[in-house]
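The values are calculated or read from the model by the stated rules, or taken from the named source; none is laboratory data. Keep in mind that this is a model prediction, so the values were computed, not measured. So basically every Cβ, Gly included, is an ideal-geometry build from the backbone, and we count neighbours across all protein chains shown.
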Amino acid sequence: MQGSVPALVAEAVGTFLFFFIAAGAALIVTGDPAAALLVVALAHGVVLAVLVSSLGAVSGGHFNPAVTLGLWIAGKIDPVRGLAYMAAQLLGGAAAGFALAAFFGSVSGAVPALGQGVDAMEGIALEAIMTSVLLFAVFGTAVDPRGPKIGGLAIGLAVAVDILFGGTLTGAAMNPARWFGPALAAGAFDNWYVWWIGPFLGAAVVALLYRFVFAAPEQA
């Protein structure tokens, strides 16, 4: 895999920085819940847009096992490289979780969790739907040659909007590594499967649509 080492380093470092800033914001905000949610959404969206734009040329700027799975299903990345990306992302997420624990003493407030009245099946469905929004942004603006090449802006906005909608429902992770890093550092694994099944399901649906329904004639 030519260029695999720089790409894996970029995925690990990018994921670390993404979660350190984004999850760190969730630990810092206080006061009005609506204002806090807005701050967290903007922190996630803006830092992801910056990192995708900055490191996309090196690795593609996935920073999310669900994104990598979607690109694999769509035939845009081979399985070996995809698994290596996922390992790098989980490593970066874990490093961010433990770094935040070292700074703040506890990261439990940054672990995605189900909101009041939301059960696991509803959480899976919500995470799948929100992840599909993210994957549509990825495929439509970063993968599809017909789409506008606007860096990570649309991808960051997708994450921010999803958090504004679902932050109080599931934590709006849309990313198994986003759950994994803080959860590992906090030792909090309740309903862990929600943040794996949901994002992977949403990513798979969008990837299949882009591969078999939305692909340009020369790509089909």
So which of P6, P33 is more than 18 Å from the chain's Cα centre (by Cα) and over 19 Å from A110 (Cα atoms)? P6
Taking T168 as meeting all but one of (1) in contact with a helix residue (DSSP H, G or I) (Cβ under 6 Å, 6 or more places away or on another chain); (2) closer than 30 Å to S108 by Cβ; (3) in a loop (DSSP other than H, G, I, E, B), write down the number of the exception. (1)
Of these, G70, G92, which one is within 13 Å of the chain's Cα centre (by Cα), farther than 19 Å from G181 by Cβ and not charged (D, E, K, R)? G70
Taking segment 193-218 on its own, how many of its residues are in contact with a helix residue (DSSP H, G or I) (Cβ under 7 Å, 6 or more places away or on another chain), closer than 29 Å to A110 by Cα and either among the aromatic types (F, W, Y) or surrounded by 20 or more Cβ atoms within 10 Å (Cβ to Cβ) (or both)? 11
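Quick grid of which residues meet (1) buried (at least 19 other Cβ atoms within 10 Å of the Cβ); (2) touching a helix residue (DSSP H, G or I) at 6+ places or on another chain (Cβ under 7 Å); (3) free of Cβ contacts under 8 Å to residues at least 60 places away in the same chain:
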site: S4; (1), (2), (3): no, yes, no
site: V9; (1), (2), (3): no, no, no
site: F16; (1), (2), (3): yes, yes, no
site: F20; (1), (2), (3): yes, yes, no
site: G31; (1), (2), (3): no, no, yes
site: A35; (1), (2), (3): no, no, yes
site: L42; (1), (2), (3): no, yes, no
site: G45; (1), (2), (3): yes, yes, no
Would you check which residues across segment 1-55 are among the hydroxyl-bearing types (S, T, Y) and modelled with pLDDT under 95 and list them? S4, T30
Output for segment 158-201, where each listed residue is under 22 Å from V29 (Cβ atoms) and β-branched (V, I, T): V159, V161, I163, T168, T170
Matching entry among W192, W179 (being outside any loop (DSSP other than H, G, I, E, B) and of a type outside the set (G, A, S)): W179
